[in-house]
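What follows is calculated from the coordinates using simple rules that are stated; it is not laboratory data. Here the structure is a predicted model, which is why all the values come from computation and not from measurement. Note that we place each Cβ from the backbone using ideal geometry, even for glycine, and neighbour counts take in every protein chain shown.
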Amino acid sequence: MIQFEEFTGGPLDTNAFLIHSPGGNILIDAPMGADRRFQNTEIHTLILTHGHFDHIADAAAIQSRHGCRVGFHPGTLPMVSDRNFFRKWGFELEVEPVAGELMLAEPATLDSEGAHFHILDVPGHCPGSICLYIQKSGLLFGGDVLFRNGIGRWDLPGGDYELLVTGIRNKILVLPDSTRVLPGHGPETTVGTERKSNPWLQH
Ligand SMILES: [Zn+2]
Ligand SMILES: [Zn+2]
């Protein structure tokens, strides 16, 4: 069974997950404070679930400290390569560009440090949003797609409600009920719990 630890950081309480895989450590998302939190932990691979600022704030710092490879969906590229991307949305934020080495899009699988991930494209929260599924361990690192009793917001640029809900139904609710969902914000949940009681998925 794969072990992982959780770190929550930044003004939006964004969750990151450090997976301890037999071959090394994989970090899912890089909220503010993650670089400092894991400065003494070796990180081999950094995977970004999507390009929103709260998930990528420390990505460049982590990449330069650890020399780790970074993976994300091609749709995420503009958000992590254009210093001024978020200015176009009206935010006074500057992004330190990240060099992506792994392009992750369906139907890709990623074998990283001994962990085997299925990449699920679930846009709708934003373009390039992915979930990472480890079938053997029954774990879904979900980013801002499905939360306990909620779903990701779709009102930011590039968001699309229909796309989001369809993606959740077709890609996530088809997984076993016992699958643990580790979201980008808030507490973990399971596929079964959300199928039964998530108010956004009941009709
Ligand atoms: Zn987001
Ligand atoms: Zn977020």
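Take residue 57 and tell me if it is away from ligand 2 (no atom under 15 Å from the Cβ) and not polar (S, T, N, Q). So residue 57 fails the test. Taken over the stretch 67-98, the criterion of being within 23 Å of residue 24 (Cβ to Cβ) and surrounded by fewer than 20 Cβ atoms within 10 Å (Cβ to Cβ) is satisfied by 67, 69. Considered as a group, the residues in the stretch 167-197 that are surrounded by 13 or more Cβ atoms within 10 Å (Cβ to Cβ) and small (Gly, Ala, Ser) include one that is nearest to ligand 2 (Cβ to nearest atom), and that residue is 184. Among residues of the stretch 141-161 that are over 15 Å from residue 55 (Cα atoms), those with a beta-carbon under 6 Å from a residue that is in a strand (DSSP E or B) and within 12 Å of ligand 1 (Cβ to nearest atom) at least six positions away or on a different chain give the pairs 147/183. Checked against the criterion of being part of a loop (DSSP other than H, G, I, E, B), closer than 16 Å to residue 112 by Cβ and not small (Gly, Ala, Ser), the candidates 26, 43, 19 yield just one match: 43.
Applying the set (1) part of a strand (DSSP E or B); (2) within 16 Å of ligand 1 (Cβ to nearest atom); (3) within 14 Å of residue 74 (Cβ to Cβ) to residue 127 leaves exactly one unmet item: (1).
Scoring residue 41 on the criteria (1) hydroxyl-bearing (Ser, Thr, Tyr); (2) more than 16 Å from ligand 1 (Cβ to nearest atom); (3) touching a Gly at 6+ places or on another chain (Cβ under 7 Å) leaves a single failure, condition (3). Can you tell me which residue in the stretch 152-177 is farthest from ligand 1 (Cβ to nearest atom), limited to those that are under 17 Å from the mean Cα position of the chain (by Cα) and charged (D, E, K, R)? So, considering only residues that are under 17 Å from the mean Cα position of the chain (by Cα) and charged (D, E, K, R), the one farthest from ligand 1 (Cβ to nearest atom) is 171.
Suppose we keep only residues that are charged (D, E, K, R) and not in a loop (DSSP other than H, G, I, E, B) within the stretch 46-66. Which one would you say is farthest from residue 8 (Cα to Cα)? Reasoning before the result, please.
Initial filter on the stretch 46-66 (charged (D, E, K, R)): 54, 58, 65.
If we keep only those that are not in a loop (DSSP other than H, G, I, E, B) as well, we get 54, 65.
Values: 54: 11, 65: 20 Å.
Filtering the stretch 46-66 for residues that are charged (D, E, K, R) and not in a loop (DSSP other than H, G, I, E, B), the one farthest from residue 8 (Cα to Cα) comes out as 65.
Being more than 12 Å from ligand 1 (Cβ to nearest atom) and touching a Ser or Thr at 6+ places or on another chain (Cβ under 9 Å) holds for only one residue in 195, 180, and it is 180.
So in the stretch 26-38, with the set limited to residues that are free of Cβ contacts under 8 Å to residues at least 60 places away in the same chain, surrounded by 23 or more Cβ atoms within 10 Å (Cβ to Cβ) and within 16 Å of ligand 1 (Cβ to nearest atom), which one is farthest from residue 97 (Cα to Cα)? If you could, list the steps in order and put the result at the bottom.
From the stretch 26-38, those free of Cβ contacts under 8 Å to residues at least 60 places away in the same chain are 27, 30-38; that's our starting set.
Now narrow it down to the ones that are surrounded by 23 or more Cβ atoms within 10 Å (Cβ to Cβ): 27, 30-31, 34.
In the following step, the residues that additionally are within 16 Å of ligand 1 (Cβ to nearest atom) were identified as 30-31, 34.
On the way: 30: 13, 31: 15, 34: 17 Å.
For the stretch 26-38, the residue satisfying everything is 34.
Scanning the stretch 121-151 for residues that are within 10 Å of the chain's Cα centre (by Cα) and of a type in the set (Phe, Trp, Tyr) yields a count of 1.
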